[in-house]
1. Any idea what angle helix 105-126 forms with the longest principal axis of the chain, computed on alpha-carbon atoms, 0 to 90 degrees, nearest 10?
2. Mind ranking 32-43, 178-189 by how tightly packed they are, going by the mean number of other C-beta atoms within 10 angstrom, highest first?
3. Can you tell me the 0 to 90 degree angle between the C-alpha axis of helix 3-26 and the longest principal axis of the chain, rounded to 10?
4. Rounding to the nearest 20 debye, state how big the charge dipole of the chain is about its Cα centre with +1 on each Lys and Arg Cβ and -1 on each Asp and Glu Cβ.
5. Given R₀ = 22 Å, what would the calculated FRET efficiency be for Trp68 paired with Leu189, taking r from the Cβ atoms and rounding to 0.05?
6. In deg cm²/dmol and to the nearest 500, what is the mean residue ellipticity at 222 nm of the chain if only DSSP H runs of at least 4 residues count, each as -39500 (n - 2.57), divided by the residue total?
7. Using the heavy atoms of the protein chains alone and a 1.4 angstrom probe, what is the accessible area of the chain per residue in square angstrom?
8. Over the chain, what relative contact order in percent results from Cα pairs under 8 Å that are six or more residues apart?
Amino acid sequence: MNLSATLILAFGMSMDAFAVSIGKGAALHRPCLREALRTGLIFGVIEAITPLIGWGLGLFASQYIMQWSHWLAFILLSILGTRMIVEGLKDKPDDALTTATHHSFWILVATAVGTSLDALAIGVGLALLEVNIIQTALFIGMATLLMSTLGIMVGRFIGPLLGKWAEVLGGVVLIGTGLNILLEHLGYLS
């Protein structure tokens, strides 16, 4: 795989994380660059690790990974999205609406895992090709770090426009991303 193909793959793999990060950023009260970088780093590291895991599993388990990864991503993102929607719809005092300035580490990890399960399957596919998997995984991780950080900052500007509905929108984006992964793998979307 040449450099341009690797870059296209890397940025293509980061699009789910970008969309989810916009929702995550919108749900926060004016997230700072530090929070955006923190989110980007978590998403990027996980997105870089999953193709390595997929590569390691290789052909041995590829049929099982490919068969179930989309369902796992859909279920995980739907649970997280539903949780965000429920939290967004709860009546909260006005000061509670503006105090959340970051997401918990474990929520970000779970979200990142949900959006990176397709990278696990890609890693299995890359095992069939003669590619430098370390370089490819690093490019995927760096692209995801960049796009997730950018997504949080875009969400920063969208959040104030949406008010309390920002968290609901973030949950809808998570569920939509999971549904998109599921439908894509089932062949309903090309």
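The values are calculated or read from the model by the stated rules, or taken from the named source; none is laboratory data. Given the structure is predicted, the values throughout are model-derived calculations rather than measurements. Note that we place each Cβ from the backbone using ideal geometry, even for glycine, and neighbour counts take in every protein chain shown. Heads up: the accessible areas ignore ligands, DNA and RNA and are worked out on the full protein's heavy atoms, side chains in. Shrake-Rupley method; radii C 1.70, N 1.55, O 1.52, S 1.80 Å.
1. 20 degrees
2. With the highest mean Cβ count within 10 Å placed first, the list reads 32-43, 178-189.
3. Between the helix axis and the principal axis of the chain, the angle is about 20 degrees.
4. 340 debye
5. Calculated value: 0.75.
6. -28000 deg cm²/dmol
7. Dividing the accessible area of the chain by its residue count gives 51 Å².
8. 50 percent
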